[in-house]
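The block underneath contains the structure these notes are about, expressed in structure tokens.
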Amino acid sequence: MHPGVRALLATALALSTLGAGTAPAPTPAPQVSPSAAAAIRGVVTGPGGRPVAKATVMVVPVEPAQGGSRRPRPAAAGGKPHVLATGADGSFLAAGLAGRSFAVRVEADGMAPFTAKEIPAGASVRVSLKPGLTLRGRVMDRASRAPIGGATVEATDPDSAPFGRA
């Protein structure tokens, strides 16, 4: 990879954190047996507290990792993530989930994506999305400062991998 591309990727990743949504406020979860179907409900809002209709909500179960920490189980291990869209009022209900704790990701056009890594079954969450950012720039050779034509630039979000997005 060309040195200028690495610098641009690092800048893109740093900028993506500026638009992160606010953390959801989960409610205490009832005790759920592993075999019982679980649900998570919530509301997605945008700037000014307006509801975000047709936002994509993805839910994957999380499992204990070594050392007691938790991490999302990759989508490939348990099939595809549970995917749904918010209603006109920004609300969603992910029902029929298997597990006790879940990672939730919300994406909407023009908004920065939001990921919560551990939401208990039965929780009700509020997600406030912030406007997304546009990344523009020029790929240049570091030494000569000459533009590099045909360069490929990638901006990735490491939080999206457990939801089947790379």
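The values are calculated or read from the model by the stated rules, or taken from the named source; none is laboratory data. Because the structure is predicted, anything quoted here is derived from the model rather than measured. Cβ: placed from backbone, ideal geometry, glycine included. Neighbour counts: every protein chain shown.
I need the full set of residues from region 82-104 which are among the β-branched types (Val, Ile, Thr) and in a loop (DSSP other than H, G, I, E, B), in order please.
Once the filter is applied, which keeps residues that are among the β-branched types (Val, Ile, Thr) and in a loop (DSSP other than H, G, I, E, B), region 82-104 yields only 86.
If you scan region 26-38, which residues turn out to be at pLDDT 60 or above and either under 25 Å from residue 161 (Cβ atoms) or aromatic (Phe, Trp, Tyr) (or both)?
Of everything in region 26-38, just one residue is at pLDDT 60 or above and either under 25 Å from residue 161 (Cβ atoms) or aromatic (Phe, Trp, Tyr) (or both), namely 38.
Would you pick out the residues in region 52-80 that are out of contact with any Pro (no Cβ under 7 Å at 6 or more places or on another chain), surrounded by 18 or more Cβ atoms within 10 Å (Cβ to Cβ) and modelled with pLDDT of 90 or more? Step through it out loud before you land on a result.
Within region 52-80, the subset out of contact with any Pro (no Cβ under 7 Å at 6 or more places or on another chain) is 52-57, 61, 63-69, 71, 76-77, 79-80.
Within this subset, residues satisfying the condition of being surrounded by 18 or more Cβ atoms within 10 Å (Cβ to Cβ) are 52, 55, 57, 61.
Listed by number, the residues that qualify are 52, 55, 57.
Of everything in region 92-145 that's basic (Lys, Arg) and in contact (Cβ under 8 Å) with a residue 12 or more places away in the chain, which residue is farthest from residue 156 (Cα to Cα)?
Residue satisfying both the conditions and the ranking: 100.
Give the number of residues within region 107-166 that are surrounded by fewer than 20 Cβ atoms within 10 Å (Cβ to Cβ), assigned to a loop (DSSP other than H, G, I, E, B) and within 18 Å of the chain's Cα centre (by Cα).
13
Let's see how each residue does on (1) surrounded by 12 or more Cβ atoms within 10 Å (Cβ to Cβ); (2) at pLDDT 95 or above:
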| residue | (1), (2) |
| --- | --- |
| 1 | no, no |
| 40 | yes, yes |
| 45 | yes, yes |
| 100 | yes, no |
